[in-house]
């Protein structure tokens, strides 16, 4: 795993945790400058997605490594952690496990899907091949890129960068990440004193996700945005600006 820090030493700390099959450079590339200008960023790449050649083991093993870094390098405390999609599962575990303290857990439109072993295995067998199949065929690559551009309003360069993640990382790491995320459960009504859970809710995902946010966290701060899943990270200023404004608000809230 890699942990890279950017920004001014005396600014508030904000850990960035990327989503499924992503490194932080791709996941947060379009908003990195805006965030690093205000906060001390701690950018994480997991085993299997850090260029080391290692395979992603499982969500809890990686969570333990993140906790160890926070304890050793930041005295066991962060001002905030922002998880994109699957990265939000790490934010939830860091809060729930209480081995470190985070003032503000920021959840980037996660699905927070959970299942048993049989269902997780079946989903992985179906979904992971779909995630990687387009990389083997030029025609499929072009079709997938056009779909990303149409659905998320990505430009050609951004769509290409996200697609590259599914070809440059090991299918085994992608499978392990997807599978163990489904098995890494959150408790209901999580409450930790002096910690606030904030949710970036992309309303085009559907209302069922609101129920999950309210189920797993006690009195969550949910902000609704008229966009697709994590669309604020795909280069369009009209989506990024209001979410960045909300993050600034979160970072300055008392807990």
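Every number in this text was worked out from the coordinates using simple rules, so none of it is lab data. Remember, predicted model here, so these are calculated numbers, not experimental data. Here Cβ is always computed from backbone atoms with ideal geometry, including for glycine, and neighbour counts include all displayed protein chains.
Observations on the structure shown:
- Shape category assigned to the chain from the gyration tensor of Cα positions, a/c cut at 1.5: rounded
- Taking 0.36 nm per residue of separation and subtracting the current Cα-Cα distance, fully stretching the chain between residue 4 and residue 64 would add 19.9 nm.
- Within the range 1-89, percent of DSSP bridges classed antiparallel, to nearest 5: 40
- The label-point distance for residue 121 and residue 164, in a model that sets each label 7 Å from Cα toward Cβ, rounds to 3.7 nm.
- With neighbours defined as other Cβ atoms within 10 Å of a residue's Cβ, the residues 163, 253 order from fewest to most as 253, 163.
- Taking the number of Cβ atoms within 10 Å of each Cβ as an exposure proxy, the fewest-first ranking of 14, 186 is 186, 14.
- Most to least packed among 106-117, 205-216, 17-28 [average Cβ atoms within 10 Å]: 17-28, 106-117, 205-216
- Shape of the range 188-247 from the C-alpha gyration tensor: oblate (a/c of 1.5 or more and a/b not above b/c, with a ≥ b ≥ c the square roots of its eigenvalues).
- Full extension of the chain between residue 212 and residue 255 gives 13.2 nm of extra length, using 0.36 nm per residue less the Cα-Cα distance.
- A simple spin-label model places the labels of residue 138 and residue 219 5.9 nm from each other, with each point 7 Å out along Cα-to-Cβ.
- Extension reserve of the residue 131-residue 52 stretch, reckoned as 0.36 nm per residue once the Cα distance is removed: 26.3 nm
- Global form of the range 17-113, assessed from the alpha-carbon gyration tensor, a/c cut-off 1.5: rounded
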